There are 4 protein chains.
Amino acid sequence: LASVDLNSDLGEGFGPYQIADDVSILSIVTSASVACGFHAGDPEIMHRTFLSAKERGVVVGAHPGFPDIVGFGRRRIPYSTGEIERMVAYQVGAAQAVAAYSGHAIRYVKPHGALANLAETERDVADAIASSIKAIDASLAFLGIALSQQVVSAESVGLKTISEVFADRGYDNCGRLLRRGTFGALIESPEEAAQHALSMIEEGAIIASDGKRLPTPIGSICVHSDTARSVAIARAVRAGLEGVGIRVAAFAAP
Amino acid sequence: LASVDLNSDLGEGFGPYQIADDVSILSIVTSASVACGFHAGDPEIMHRTFLSAKERGVVVGAHPGFPDIVGFGRRRIPYSTGEIERMVAYQVGAAQAVAAYSGHAIRYVKPHGALANLAETERDVADAIASSIKAIDASLAFLGIALSQQVVSAESVGLKTISEVFADRGYDNCGRLLRRGTFGALIESPEEAAQHALSMIEEGAIIASDGKRLPTPIGSICVHSDTARSVAIARAVRAGLEGVGIRVAAFAAP
Amino acid sequence: LASVDLNSDLGEGFGPYQIADDVSILSIVTSASVACGFHAGDPEIMHRTFLSAKERGVVVGAHPGFPDIVGFGRRRIPYSTGEIERMVAYQVGAAQAVAAYSGHAIRYVKPHGALANLAETERDVADAIASSIKAIDASLAFLGIALSQQVVSAESVGLKTISEVFADRGYDNCGRLLRRGTFGALIESPEEAAQHALSMIEEGAIIASDGKRLPTPIGSICVHSDTARSVAIARAVRAGLEGVGIRVAAFAAP
Amino acid sequence: LASVDLNSDLGEGFGPYQIADDVSILSIVTSASVACGFHAGDPEIMHRTFLSAKERGVVVGAHPGFPDIVGFGRRRIPYSTGEIERMVAYQVGAAQAVAAYSGHAIRYVKPHGALANLAETERDVADAIASSIKAIDASLAFLGIALSQQVVSAESVGLKTISEVFADRGYDNCGRLLRRGTFGALIESPEEAAQHALSMIEEGAIIASDGKRLPTPIGSICVHSDTARSVAIARAVRAGLEGVGIRVAAFAAP
């Protein structure tokens, strides 16, 4: 493998609030998935994040979620697939325009939280997301969870599709993330996260907690920005990859 | 004059609420300025409005306002010009994407409520709006209040700029709308509104309540959708124009 | 039976929006369940509704729902029972204070929409509502759906509990409301609604669409305010009861 | 002087966000002014804050502000005095009920941000706040800015009124807080803040940056919770007072 992308979800704040040390993370990753104002983010935070990303040569994507600031987009609010299509279109378009205003450009879409979790296993939700992106801008790439319905749908409508794995999360032997709260769900040691990411890249497979290998293309590694040691983890993951000669580079042109 | 546009502000609702009889108005006007979710509107209402407009061959524009659902965008909330630039970009981009999803296309931008009122007289606010539109899509036209700073700014950045007058509102002798509540501020009779509009078009001037003429290019006539007799007024204005051979047609291609 | 209460859900609007002709309904009913700002309502609408109710001698209750303006409180958003306890406390307290400011007083609580539907059948949700009311003001009465877990919970914590039936809705033979969209779910004729209400009062039972009788105490009849013929239905129901000598009076002192 | 209260504004967060280290501050202060959900706070955060305060014997007050989560209640949004009356009633009532649910009790009201700033100098806004509190619960105390219209209005309607000074902020020689951004506006050294507070208490006067003394009753000292060294400042202020034998105690019974 010549290169792999390193992405993180950023711009997660609202008004006076901010969750992560976005600037530090932007100095490490190659792609930033930016909240679009529905589960987090607002035009000001989006603008600042796009500016910071541009300065550092980081590619940006839109990170749409359910309209649920108080629940951070993590609650399964009942929406029809039609409503999901419109909310994705709205958020991606808003992000495209604010990015353009900031002198940057949205290159991909990655769903957030409960919307992403639903689309991981439910094909009709995954189809709604993919067809909405296709309808508004077929040149956008799709960044989705490896081995999920998300990537199946995105590929089926012809979007350039990139599969991601998580450096800092454990997997079950079906390739699903272990639920938060389960033993091994969160990998908190930078060294372990780096090794976990490197092994998955080298083997071309998700590696479950029980050691099972689930082969998958892997185009990007996700590191969370909102954990206690997120910056150290991001640095260790990048160093681990580069240490064995794997180039860390965005999947899209900046 | 060969032709003039007839526009109305539509899609003004939120969740279960709707203000106007949009479908009836869409059967009469040639351009619809659609709320973008900040002062009114949501992705569902925007989608339905774009579909209805498309069916009837009505051109659509984005109608951005202050983020103020409860105040309907009519309150002067203190925002910096930078914040105004980002909120306009966000809303126009969202509208472009939802319109594209709906098979339609945003052709112009017209500011709403307190944002429009500020930009009527304050050049820096007008500049913020114009430069934001220019930055995200220089092919968008600008529809603004005749003889306002809005149109001065839009023209100065090179946007295609259309000046509008109001059929159903009285003017003072500076060419400003009489404040709501003032005698003569609202023209409630369809016949009077039709005559008012026709006279302004024929004379190429805003006609103040005291009879003063203020010459201005007029590319569009606005009829409000939320008044008691809005549908009758829109019909009368259109009939009045067509009765003397003036073609009513959108200023932009659908 | 000496008397029965007639109630309606009112104050359902937001900012510039209003759904029903509240003033007309307030001239007919004896109790008004007022939205508290989470699914509908805001401090201004609440105040106006309390003033109108007071002028007409109508008793007022708090009508708490899920925080979901866009979904009108009708969506089942995942909340823990603890969160439900706090959201009920917050809304009831807000309503009590605004009512006091308006010179009126909240006498009861009736849950709204998805919150009410969940509490109809799920005992833990019903318990959360009842215990929250008990904790903040044990003198408040509870108005709930006849034969539901709502009334079981409210009675079990010692709240004065009133069971309501719906004049304008059909029932299945388990005593549950027919789902909207089902044949017979909505009773749109004022005469039929009046007869339906009168029969249930006279027989002391919910009368299902198939004729089955489900005996229950009935302390109040609900008429919806947001249907096309709501005012005519409310008038007919009241006239129907009074026509046979049943007094229509609030269950609580005004 | 036998004793003085030490207060801080707490519960300032929203959904997943939190600004201050509330638990540490609650171990030092004697009164906590808790955000009510309009500029910050939600039922969950309010509940947790009331529980923490109760455990530590800290008196709680309601801290109402403008409905402006994104602007943290610091923007001067145009509201009529009538609207201010209703928004204060709503928030205080909500806080009373959530506090009661949490086993605690609201003892006072202190306005927040732009609402407080307006009421500092505008008598009609101050009157609106005072009369709203009086209407809903005349037993509530009022905690306001020393030498402001706030306390004049509160006293004039008969509320128990406590004047506060700020340990960590500089004053001009009219007794007004120096604007943020001005030299000397923020006192960042715990030692200086402690000395500033102690001097004002001992002299019974606001001490301006230029040394001018403005005599005023002082019932409480406010320390901000959202500054970098807030916990150290709160500790130093308390230690400074107790070091000279001044008892730090709530002005209201817990």
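Every residue in segment A:55-78 that is more than 18 Å from the chain's Cα centre (by Cα) and either part of a helix (DSSP H, G or I) or under 18 Å from B:Tyr101 (Cα atoms) (or both), please.
Result: A:Glu55, single match.
Scan (1) surrounded by 24 or more Cβ atoms within 10 Å (Cβ to Cβ); (2) within 14 Å of another protein chain (Cβ to nearest Cβ); (3) outside any helix (DSSP H, G or I); (4) in contact with a Leu (Cβ under 8 Å, 6 or more places away or on another chain) for the single condition A:Val29 breaks and write down its number.
Exception for A:Val29: condition (2).
Inspect all residues belonging to segment B:48-66 and state whether any of them is within 9 Å of chain A (Cβ to nearest Cβ) and over 30 Å from B:Arg238 (Cβ atoms). Walk me through how you get there before you give the answer.
Taking segment B:48-66 as the starting set, the residues that turn out to be within 9 Å of chain A (Cβ to nearest Cβ) are none.
No, that holds for no residue.
Within segment C:55-92, take every residue that is charged (D, E, K, R) and within 27 Å of B:His39 (Cβ to Cβ) and give me the one that is least open to solvent (accessible area, probe 1.4 Å).
Among them, the one singled out is C:Asp68.
When you go through A:Asp68, A:Asp137, A:Asp124 one by one, which is the residue that is closer than 20 Å to A:Glu12 by Cα and of a type in the set (Asp, Glu)?
Values: A:Asp137 fails: closer than 20 Å to A:Glu12 by Cα; A:Asp124 fails: closer than 20 Å to A:Glu12 by Cα.
Exactly one of A:Asp68, A:Asp137, A:Asp124 is closer than 20 Å to A:Glu12 by Cα and of a type in the set (Asp, Glu), namely A:Asp68.
What is the residue count in segment C:98-123 for residues that are open to solvent by 20 Å² or more (accessible area, probe 1.4 Å), assigned to a helix (DSSP H, G or I) and within 9 Å of another protein chain (Cβ to nearest Cβ)?
Summing the residues that are open to solvent by 20 Å² or more (accessible area, probe 1.4 Å), assigned to a helix (DSSP H, G or I) and within 9 Å of another protein chain (Cβ to nearest Cβ) in segment C:98-123 gives 2.
Within segment A:29-48, track down each residue that is over 16 Å from D:Phe14 (Cα atoms) and under 15 Å from the mean Cα position of the chain (by Cα). Talk me through it step by step, then tell me what you get.
Keep residues of segment A:29-48 that are over 16 Å from D:Phe14 (Cα atoms), which gives A:29-36, A:43-48.
Listed by number, the residues that qualify are A:Val29, A:Thr30, A:Ser31, A:Ala32, A:Ser33, A:Val34, A:Ala35, A:Cys36.
Taking segment C:124-148 as the search range and keeping residues that are open to solvent by 10 Å² or more (accessible area, probe 1.4 Å) and among the polar types (S, T, N, Q), which one is nearest to the other protein chains (Cβ to nearest Cβ)?
Filtering segment C:124-148 for residues that are open to solvent by 10 Å² or more (accessible area, probe 1.4 Å) and among the polar types (S, T, N, Q), the one nearest to the other protein chains (Cβ to nearest Cβ) comes out as C:Ser131.
Given the options B:Glu242, B:Glu164, B:Glu188, name the one that is open to solvent by 10 Å² or more (accessible area, probe 1.4 Å) and not in a loop (DSSP other than H, G, I, E, B). Give the steps one after another, and end with the answer.
On the way: B:Glu164 fails: open to solvent by 10 Å² or more (accessible area, probe 1.4 Å); B:Glu188 fails: not in a loop (DSSP other than H, G, I, E, B).
Being open to solvent by 10 Å² or more (accessible area, probe 1.4 Å) and not in a loop (DSSP other than H, G, I, E, B) holds for just one of B:Glu242, B:Glu164, B:Glu188, which is B:Glu242.
Across segment B:1-21, which residue is nearest to C:Glu12 (Cα to Cα) among those that are outside any strand (DSSP E or B) and facing another protein chain (nearest Cβ under 8 Å)?
B:Pro16
Quickly run through segment A:3-16 and pick out the residues that are open to solvent by 10 Å² or more (accessible area, probe 1.4 Å) and either of a type in the set (Phe, Trp, Tyr) or out of contact with any strand residue (DSSP E or B) (no Cβ under 6 Å at 6 or more places or on another chain) (or both).
Once the filter is applied, which keeps residues that are open to solvent by 10 Å² or more (accessible area, probe 1.4 Å) and either of a type in the set (Phe, Trp, Tyr) or out of contact with any strand residue (DSSP E or B) (no Cβ under 6 Å at 6 or more places or on another chain) (or both), segment A:3-16 yields A:Phe14, A:Gly15, A:Pro16.
When you go through (1) among the hydrophobic types (A, V, I, L, M, F, W, C); (2) at the interface with another protein chain (Cβ under 8 Å from one of its Cβ atoms); (3) surrounded by 24 or more Cβ atoms within 10 Å (Cβ to Cβ); (4) under 30 Å from D:Ser199 (Cα atoms) one by one for D:Ala95, which number turns out not to apply?
Just one mismatch for D:Ala95, condition (4).
For segment A:56-76, state whether one or more residues are in contact with an Asp or Glu (Cβ under 7 Å, 6 or more places away or on another chain) and farther than 16 Å from A:Ala105 by Cβ.
yes
Tell me which residues, restricted to segment D:209-239, are closer than 18 Å to D:Ala146 by Cβ and loosely packed, with under 14 Cβ neighbours inside 10 Å.
In the first step, residues of segment D:209-239 are kept if they are closer than 18 Å to D:Ala146 by Cβ; the result is D:209-224, D:237.
Answer for segment D:209-239, where residues must be closer than 18 Å to D:Ala146 by Cβ and loosely packed, with under 14 Cβ neighbours inside 10 Å: D:Asp210, D:Gly211, D:Pro215, D:Pro217.
The values are calculated or read from the model by the stated rules, or taken from the named source; none is laboratory data. In this text the structure is predicted, and so the values were computed from the model without any measurement. Counting neighbours? That spans all protein chains shown, and the Cβs are built from the backbone with ideal geometry, glycine included. Surface areas here come from the heavy atoms of the whole protein model, side chains and all, with no ligands, DNA or RNA. Shrake-Rupley method; radii C 1.70, N 1.55, O 1.52, S 1.80 Å.
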